[in-house]
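Below is one structure, written out as structure tokens, with a few remarks after it.
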Amino acid sequence: MSRRTIIGIIFIVAALIKLADMWGIVHLNWEHSWTAYFGPLLLLYIGAELVIYGFSHNPSQWLRRPLPQGENGKRINCVVRLGADEYVYQGEPFHGARLDAFLGGLRLDLREAVISDDEEIDVRTYLGGVKIHVPANVNIVVKSNNFIGGVNNRTGNHMISHAPCLHIVASNFLGGMTIEN
């Protein structure tokens, strides 16, 4: 783990301890004011950013995994917790996915995947990040629900007639995702 990732985890733990104090689980005698509520959110955000940055900018931490097989060879399910996983399609057909990132990063490379029909990618992040590389010959439609997080669509808003469409549905809680060609 990089130094930046460790510092991010320390920030997250400090925020969780402060929240436990506010909820009466532990008693630390910290002062309660408006900053007491703002502080944990700020610590969580900074910690998550440091963890995500540490994983996304250090390629040696990404572990390339074999493509999981979904039910009947269809939709796949990829889950990462406290780590960084990468899934790369190299000519295989793609039939949708569910991607979950909890305190970690997940990369899905579809640039060489065979996408012949409209497909859906369901993304859920919690203090984590997801990066999806898509081919240039598909349309991208993004719907997201974010809490202190977001989606960065770097593919452009061009629509290609008669091209398959990837519907990306994202739910980000203190996390985010990037889509690019």
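A few remarks follow.
- Residue match in the range 10-32 (condition: within 18 Å of THR178 (Cβ to Cβ) and either modelled with pLDDT under 65 or of a type in the set (Val, Ile, Thr) (or both)): no
- ALA163 vs. criteria among the small types (Gly, Ala, Ser), crowded, with 18+ Cβ neighbours inside 10 Å and in the same structural domain as ASP100 (by TED's automatic domain parsing): no
- The C-beta contact set for the range 5-19 (first residue surrounded by fewer than 19 Cβ atoms within 10 Å (Cβ to Cβ), second residue at pLDDT below 75 and not in a helix (DSSP H, G or I), distance under 8 angstrom, 6+ apart or interchain) comprises ILE17/LEU28.
- Taken as a whole, the structure leaves PRO135 outside the set of residues that are touching a Ser or Thr at 6+ places or on another chain (Cβ under 7 Å) and more than 30 Å from ILE46 (Cα to Cα).
- The number of residues in the range 149-161 being more than 13 Å from the chain's Cα centre (by Cα) and not polar (S, T, N, Q) comes to 5.
- Taking the criterion of being surrounded by 21 or more Cβ atoms within 10 Å (Cβ to Cβ), assigned to a strand (DSSP E or B) and over 10 Å from the mean Cα position of the chain (by Cα), the residues of the range 86-125 that qualify are ALA97, LEU108, LEU110, ALA113, GLU119, ILE121.
- Pairs meeting the criteria (first residue in the range 103-115 and closer than 17 Å to CYS165 by Cβ, second residue β-branched (Val, Ile, Thr) and surrounded by fewer than 22 Cβ atoms within 10 Å (Cβ to Cβ), beta carbons under 7 Å, at least 6 apart or on different chains) are ILE115/VAL138.
The values are calculated or read from the model by the stated rules, or taken from the named source; none is laboratory data. What you see is a predicted model, and the numbers here were worked out from it, not measured in a lab. When we count neighbours, we look across all protein chains shown, and the Cβ atoms used for this are built from the backbone with ideal geometry, even at glycine.
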